[in-house]
Amino acid sequence: MEKTDIKSLSLEELKSLAVSMGEKPFRGRQLYEWMHKKLACDYEEMTNLSKDFREKLQESCRLVSLNPLEVQTSKIDGTQKYLFALDDGNVVESVLMKYKHGNSVCISSQVGCKMGCRFCASAIGGWTRNLRPSEMLDQIYKIQRLSKERVSNVVVMGTGEPLDNYENLLRFIYMLSDENGLNISQRNITVSTCGIVPRMYDLAEEKLQITLAISLHASSQEKRQELMPIANKYSIEEVLEACRNYFDKTGRRLTFEYSLVGGKNDSQEDADRLAHLIGNLNCHVNLIPVNPIKERDFVQSDKKVIEKFQNKLEKYQINVTIRREMGRDIDGACGQLRKRYINKKEDA
Ligand code: SAH
């Protein structure tokens, strides 16, 4: 029988588990705090639980604890990339970014990704499996423990499509923002999606205070189809309609991510079309100079072109920021550290 993944259980579920093992319910709360507040990696650390209870837990429940294989630190801005091994030998990567307003961790939500966006390194090896809530949480816990930095912001923008792992993502958000755990405010959590429309409607119904970021990357349906296969399933109009609904239901301003690819989506006409598409939405646009990956021949737009694109959007009173590149000197783009590791293993 498969052992219970104890770090994915909610406080209420842990209390029931404690009772089913002959303990008082408050032992469940202690367990929750050990795992999610004190970030224990091992039952041995849980010294206020009896030895007998800890032994029973050891037998019936597995305590997910990611194994850090590699840490890269940028000499430019202190950004750290972590490569973690999961229990089954798969690897995921996560990033710690240090900003003036606090530390932000970018986590992966799946091993690999099915979405196949043309410019993305994570798409190349395909999809292996979903991450469990415990495996998403532990990326943050391990980084906080290893770096000794307090994490205040979390972005689900690493490898994987979070809304393609919807149930686990929701549980992860509730646990991460739980006051008995790390207690990270939902306002400091961002989930980035390529636009899985039905799940965007489901998420709106949860009425969370998280920020939803949509990877738009194009100013028309045709151009989006060229870059993102998911556009064949859900049209850009359907995505924007789901965005409008998300704002109506939650009151949360949306973020649009737009990766500028030289000569593909960075013209002044693109900026005009984009402004018309999103102009009546309460939103913010994040322009990302595309991070070139060696398997594809996409190039970054010139600095001047990026600034002109930004100026044009601002003329329409749209809020725009150009994403500052972090950790340029370490395996930069999403999924590159993991890819390099897998390639090396295959060559060996
Ligand atoms: N699947 C989710 C989250 C992961 S990708 C999504 O699509 O939003 C996080 C962001 O990085 C997305 O906006 C994605 O399109 C962008 N991205 C991926 N590879 C990139 C690259 N090489 N250069 C610039 N942005 C990239």
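Values quoted throughout were computed directly from the atomic coordinates according to the rules given, and no laboratory measurement underlies them. Predicted model only: the values in this text are computed from it and were never measured. Glycine also receives a Cβ, built like all others from the backbone with ideal geometry; neighbour counts cover every protein chain displayed.
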| note | Final fewest-first order of Arg253, Arg150 on the 10 Å Cβ neighbour count is Arg150, Arg253
| request: Report the net charge of residues surrounding Glu295, where surrounding means a beta-carbon distance below 11 angstrom and charges are Lys +1, Arg +1, Asp -1, Glu -1. | output: +3
| said: Just to confirm a number: summing +1 for Lys and Arg and -1 for Asp and Glu over residues other than Ile196 whose beta-carbon lies under 11 angstrom from that of Ile196, what do you get? | reply: -1
| query | Can you give the calculated 222 nm mean residue ellipticity of the chain, where each DSSP H run of n ≥ 4 adds -39,500 (n - 2.57) and the sum is split over every residue, rounded to the nearest 500 deg cm²/dmol? | reply | -11000 deg cm²/dmol
| Residue-wise HN-Hα coupling along segment 179-193, computed from phi with Karplus coefficients 6.51, -1.76, 1.60 (Hz; x: Gly, Pro) | 5, 8, x, 5, 6, 7, 4, 4, 5, 9, 10, 10, 10, 9, 10
| task | Can you tell me the relative contact order of the chain? Whole percent, Cα pairs under 8 Å, sequence separation 6 or more. | result | 15
| query | Ordered by residue, what ³J(HN,Hα) values in Hz, to whole numbers, does segment 112-122 give under the Karplus form 6.51 cos²θ - 1.76 cosθ + 1.60, where θ = phi - 60° and Gly and Pro are x? | reply | x, 7, 8, 6, x, 4, 4, 9, 9, 5, 5
| Pairs beyond 20 Å (Cα-Cα), from Lys100/Lys315; Lys114/Lys339; Lys264/Lys304 | Lys100/Lys315
| query | Among Asp178, Asp52, which comes first, then next, by fewest other beta-carbon atoms within 10 Å? | reply | Asp52, Asp178
| query | What number comes out for the charge environment of Gly181, summing +1 per Lys or Arg and -1 per Asp or Glu over other residues with Cβ under 9 Å away? | reply | -2
| message | As I understand it, the value is the acute angle between the Cα axis of helix 197-206 and the longest principal axis of the Cα atoms of the chain; what does it come to in degrees, rounded to 10? | response | 50
| remark: Along segment 251-258, Karplus-curve 3J(HN,Hα) (6.51, -1.76, 1.60; θ = phi - 60°) to the nearest Hz, with x for Gly and Pro, reads x, 8, 5, 8, 10, 9, 9, 9
| remark: Helix 303-315: inclination vs the chain longest Cα principal axis, degrees, rounded to 10, gives 90
| Counting Lys and Arg as +1 and Asp and Glu as -1, each charge on the Cβ, what is the dipole of segment 4-62 about the Cα centre in debye, to the nearest 20? | 180
| query | Angle, helix 268-278 long axis vs. longest principal axis of the chain, Cα atoms, 0 to 90°, nearest 10? | reply | 50
| query | Hey, fewest Cβ within 10 Å first, where do Thr321, Thr255 land in order? | reply | Thr321, Thr255
| message | So if I take the centroid of the Cα atoms in segment 117-149 and the same for segment 293-336, what is the distance between those two points in Å? | response | 23
| What residues have an amide H closer than 5 Å to that of Ser215, excluding those fewer than 5 places away on the same chain, when H is modeled at 1.01 Å from N in the peptide plane? | Thr193, Cys194, Gly195, Glu257
